[in-house]
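Dropping a structure here in structure tokens format, bear with me for questions.
The values are calculated or read from the model by the stated rules, or taken from the named source; none is laboratory data. All of these numbers come straight from a predicted model, not from anything done at the bench. In this analysis, Cβ positions are derived from the backbone assuming ideal geometry, glycine residues included, and neighbour counts consider all displayed protein chains. Note: areas computed on protein heavy atoms with side chains; ligands, DNA, RNA excluded. Shrake-Rupley method; radii C 1.70, N 1.55, O 1.52, S 1.80 Å.
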Amino acid sequence: MDVTVGRIAVAASTAFLLVVLLLSAAAAAVVESLTAAPWDSLDLFASSGEHQMPAADAEIPPQIYGLYHEAAASCPGLPWTVLAGFGEVASGHGRQVGDRGVMGISRAQFDRYASPTPAGGAMPTSPLDPVDATFAAARLMCGSGSALDVKSAVGRAEADPAAAVRIIELADVYAHAPRAGSFLAAAAQSAPSSAARLAVEYAGAQLGLPYVWGGNGPDRSDASGFDCSGLTQSAYQAAGIAIPRTATEQFHTGRAVDASDLRAGDLVFYGDPNGFLHHVAIYLGRGIIIDAPHTGAVVRFDPVAAADYAGARRES
């Protein structure tokens, strides 16, 4: 299934899924009632677009947010979201700057691409300066003049494959950030930790992608979609937390959470808690999960309540 077609197709089935969720509410004994959820006002699929400040981007200081856009514009084909991914991984968008500076590129890389000094940069230039570091990273990724192949561009600036993948995953989060006031934005804001919030945002960015058995998604592989545990593993990898690949293995990570205490970002499991777990999803709130359920389906919303609900784990 074409990725774009898949994302459009899932919107067409939204009304049906919401009806199913409402009908399932009476059976949701392990979670809060769904009757209070304003389904008619849930803006489920809104994304940020250029030069907006959706809720998922609120963690980025406004000055840095604008700087990412400005530096990206200097490199044809480079999305600002990629620079945001570098900034988050390297320094939490300038909040925790280490030896490799605001953007995490090497000193040799910085020295090669720091000139000419960008407007507002330090004199002399420094990788600890947000303006200098961000423009140097953009120039580095531009390579021979463009960054149309984003994965290759990221690879030019980050030699560690795991870190490069996380940067690409974070870029995906920022590129599909839910608009302030949407259901997904509210779910992310209610998460108990920044890692859980990022996991929710990453999963939300995958809505509409097809179920692919064994799939790890387009950010980490050539697969066009995910299976259930591939989605949850990728979501938490984007958040900086490594968890195992299968649902059964993931059930033994983090800490157990009672059904009455579920929070956004918690992993919820289905199957035999003492044996094989056949499904895992990410809880969002209001009795709703986001998951990659089965062949022929797409990443979507589903009710958490099910006869074979096995338990939940909190990874952060």
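What are the residues in segment 263-316 that are of a type in the set (S, T, N, Q) and surrounded by fewer than 18 Cβ atoms within 10 Å (Cβ to Cβ), if any? Please lay out each step first, then the result.
Going through segment 263-316, the residues of a type in the set (S, T, N, Q) turn out to be 274, 295, 316.
Correct list: ASN274, THR295.
Hey, could you check segment 210-227 for residues that are closer than 17 Å to ARG166 by Cβ and free of Cβ contacts under 8 Å to residues at least 60 places away in the same chain and say which is surrounded by the most Cβ atoms within 10 Å (Cβ to Cβ)? Talk me through it step by step, then tell me what you get.
Taking segment 210-227 as the starting set, the residues that turn out to be closer than 17 Å to ARG166 by Cβ are 216-221, 226.
Subsequent filtering for residues that are free of Cβ contacts under 8 Å to residues at least 60 places away in the same chain retains 216-217, 219-221.
Values: ASN216: 21, GLY217: 26, ASP219: 22, ARG220: 20, SER221: 15.
The qualifying residue surrounded by the most Cβ atoms within 10 Å (Cβ to Cβ) is GLY217.
In the list ASP222, ASP227, ASP258, which residue meets the criterion of being at pLDDT below 95, on the phi < 0 side of the Ramachandran plot and out of contact with any helix residue (DSSP H, G or I) (no Cβ under 8 Å at 6 or more places or on another chain)?
Exactly one of ASP222, ASP227, ASP258 is at pLDDT below 95, on the phi < 0 side of the Ramachandran plot and out of contact with any helix residue (DSSP H, G or I) (no Cβ under 8 Å at 6 or more places or on another chain), namely ASP222.
TYR202 versus (1) touching a residue at least 40 places away in the same chain (Cβ under 8 Å); (2) open to solvent by less than 10 Å² (accessible area, probe 1.4 Å); (3) of a type outside the set (D, E, K, R): which is the lone unmet condition?
Looking at each condition in turn, TYR202 falls short on (1).
Could you list all residues from segment 78-113 that are open to solvent by 30 Å² or more (accessible area, probe 1.4 Å), part of a loop (DSSP other than H, G, I, E, B), touching a helix residue (DSSP H, G or I) at 6+ places or on another chain (Cβ under 8 Å) and not aliphatic (A, V, I, L, M)? Walk me through it before giving the result.
Initial filter on segment 78-113 (open to solvent by 30 Å² or more (accessible area, probe 1.4 Å)): 79, 88-90, 94-100, 106-109, 111-113.
From the residues that got through so far, the ones that are part of a loop (DSSP other than H, G, I, E, B) too are 79, 94-97, 99-100, 106.
Going one step further and asking which of them are touching a helix residue (DSSP H, G or I) at 6+ places or on another chain (Cβ under 8 Å), we end up with 79, 94, 97, 100.
Across segment 78-113, the qualifying residues are PRO79, GLY94, ARG100.
Moving on. Having 1 or more residues that are more than 20 Å from the chain's Cα centre (by Cα) and free of Cβ contacts under 8 Å to residues at least 40 places away in the same chain is the bar; report the strands (runs of 3 or more DSSP E) wholly within segment 228-296 that clear it.
Details: elements: 255-257, 267-271, 277-285, 288-291.
Passing ranges, in order: 267-271, 277-285.
How about segment 250-260: which of its residues are open to solvent by 20 Å² or more (accessible area, probe 1.4 Å) and either hydrophobic (A, V, I, L, M, F, W, C) or closer than 13 Å to VAL304 by Cα (or both)? Talk me through it step by step, then tell me what you get.
Taking segment 250-260 first, the residues open to solvent by 20 Å² or more (accessible area, probe 1.4 Å) are 251-256, 258-260.
Selection gives PHE251, ALA256, ALA259, SER260.
Is there a residue being buried (at least 23 other Cβ atoms within 10 Å of the Cβ) and on the phi > 0 side of the Ramachandran plot anywhere in segment 235-247?
no
Pick from segment 118-134 the residues that are open to solvent by less than 30 Å² (accessible area, probe 1.4 Å) and out of contact with any helix residue (DSSP H, G or I) (no Cβ under 6 Å at 6 or more places or on another chain): which of them is nearest to TYR65 (Cα to Cα)?
VAL131
For segment 104-117, which residues satisfy the criterion of being under 22 Å from GLY66 (Cα atoms) and either small (Gly, Ala, Ser) or touching a residue at least 40 places away in the same chain (Cβ under 8 Å) (or both)?
Restricting attention to segment 104-117, the residues satisfying the condition of being under 22 Å from GLY66 (Cα atoms) are 104-105, 110, 113-117.
Across segment 104-117, the qualifying residues are GLY104, ILE105, ALA114, SER115.
Identify, by number, the condition in (1) under 30 Å from GLY155 (Cα atoms); (2) in contact with a Phe, Trp or Tyr (Cβ under 7 Å, 6 or more places away or on another chain) that THR232 doesn't meet.
Exception for THR232: condition (2).
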